[in-house]
Amino acid sequence: MTFSITDILQARQVLRGKADGTPMVPSPFMSGVCGQDFWLKLENMQPIGAFKLRGAMNAVANLAPETKGVTCCSTGNHGRGVAYAAAKRGLRAVICMSNLVPQAKVEGIKALGAEVAIIGSSQDDAQREAERLVAEEGLVEISPFDDADVIAGQGTIGLEMLEACPDLETLLVPLSGGGLAAGVAVAAKALNPRIKVLGVTMERGAAMHASIAAGHPVDVEEVASLADSLGGGIGMDNKLSFPLCRDYLDGTLLVSEAEIRDAMQALFFEDRMVAEGASVVGIAAVLAGKLPPATGSIATIITGRNLDMPNFAKLISGQDTQIGDLLLKGKPYGA
Ligand SMILES: *Cc1c(COP(=O)(O)O)cnc(C)c1O
């Protein structure tokens, strides 16, 4: 399978006026921390509250006219994107999820008119249900990350970031299945070959990081994380997002749950933004001193805002938070 900037330029035509053109704003706080301009690409401003609308809309637009309906396996935001895009095209959508997915995300998907199937306690269990729907009910499955149309859709973010800021030195991309990082890295490097694109993910369950290190897709144990949108494996038969991340990323960085919490608090109290744990891993890496000293401007993607507000309120106010089997001791911002 081949993939190039051409796919991303085509996706841009499909998404124009529907799922593009989110703001790119400076963060005075983070710029102060880095001593360099620090930019936030606000994909939390998408109609579904996350960037995944881009890939989903591009994939749904490219389906054959006789398609009966679509299904996918999703930690929430891809499902929401597919549900939204399918509804716009008048197609049936069945979204398969594990019981690790926060209730707020399930409700968000149902509100868009899609059917929801909650199966088992891992992405793999949800995946088997999606495969059954394809085999028995003739639906078309849209992978959240290992699909050329999806990667092309996500890649349009990279085009917009480099057009807004052509001299970016470092781009920090939240990393899970790698559809976002693959598309953004291909786009960014087409426009500026010198840019460094780093994937950032949580220590707990870093599937793409472990796979790149091993040289092939590997399974990691899936556990709960504040960055729930980054959960799940990359697929042992990964065809596209793994080789693209392996070849185009300049490295990967890992952050802890406490570092993710600190970054969510910083973004909230300093820049007054509500963002998912998955969205702030780039900020977390910088605040934790995990980036080499910058000599030019930095940007990250605020990938989504679809979190559980009661839990967010507790985390922000410094209360203890249970994350699966881990108790994260509370800490008020700045304490
Ligand atoms: C899906 C998702 C990511 C990671 O994207 P991948 O293409 O799976 O690497 C990051 N942030 C949010 C909010 C997401 O929903």
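The values are calculated or read from the model by the stated rules, or taken from the named source; none is laboratory data. These numbers were taken from a predicted model, which means no experiment stands behind them. Using ideal geometry, Cβ is built from the backbone for each residue, glycine included, and neighbour counts are taken over all protein chains shown. Only protein heavy atoms, including side chains, enter the accessible area calculation; ligands, DNA and RNA are left aside. Shrake-Rupley method; radii C 1.70, N 1.55, O 1.52, S 1.80 Å.
Quick notes on this structure:
- Of all the residues in the stretch 67-93, those that are more than 12 Å from the ligand (Cβ to nearest atom), open to solvent by 10 Å² or more (accessible area, probe 1.4 Å) and not small (Gly, Ala, Ser) number 7.
- Test result for residue 198, surrounded by 24 or more Cβ atoms within 10 Å (Cβ to Cβ) and among the aliphatic types (A, V, I, L, M): no
- So residue 88, is it touching a helix residue (DSSP H, G or I) at 6+ places or on another chain (Cβ under 9 Å), over 28 Å from residue 10 (Cβ atoms) and among the charged types (D, E, K, R): no
- Residue count for the stretch 201-228, restricted to those that are of a type in the set (A, V, I, L, M, F, W, C), open to solvent by less than 20 Å² (accessible area, probe 1.4 Å) and part of a helix (DSSP H, G or I): 2
- Taken over the stretch 314-329, the criterion of being over 22 Å from the mean Cα position of the chain (by Cα) and open to solvent by less than 80 Å² (accessible area, probe 1.4 Å) is satisfied by 317, 318, 320, 321, 326, 328.
- Taking the criterion of being of a type in the set (Phe, Trp, Tyr) and either in contact with a strand residue (DSSP E or B) (Cβ under 7 Å, 6 or more places away or on another chain) or in a loop (DSSP other than H, G, I, E, B) (or both), the only residue of the stretch 312-335 that qualifies is 333.
- In the stretch 218-229, the residues that are in contact (Cβ under 8 Å) with a residue 60 or more places away in the chain form Cβ pairs under 7 Å with partners that are assigned to a loop (DSSP other than H, G, I, E, B) and away from the ligand (no atom under 16 Å from the Cβ), at six or more places apart or across chains, as follows: 223/324; 224/324.
- Of the criteria (1) in a helix (DSSP H, G or I); (2) open to solvent by 60 Å² or more (accessible area, probe 1.4 Å), which one residue 17 fails: (1)
- The residue that is farthest from the ligand (Cβ to nearest atom), counting only those in the stretch 95-110 that are in contact (Cβ under 8 Å) with a residue 24 or more places away in the chain and open to solvent by 10 Å² or more (accessible area, probe 1.4 Å), is 103.
- Checked against (1) away from the ligand (no atom under 13 Å from the Cβ); (2) among the small types (Gly, Ala, Ser); (3) under 25 Å from residue 298 (Cβ atoms), residue 225 passes all but condition (1).
- One residue stands out among those in the stretch 262-285 that are assigned to a helix (DSSP H, G or I) and touching a strand residue (DSSP E or B) at 6+ places or on another chain (Cβ under 7 Å): the one that is surrounded by the fewest Cβ atoms within 10 Å (Cβ to Cβ), which is 285.
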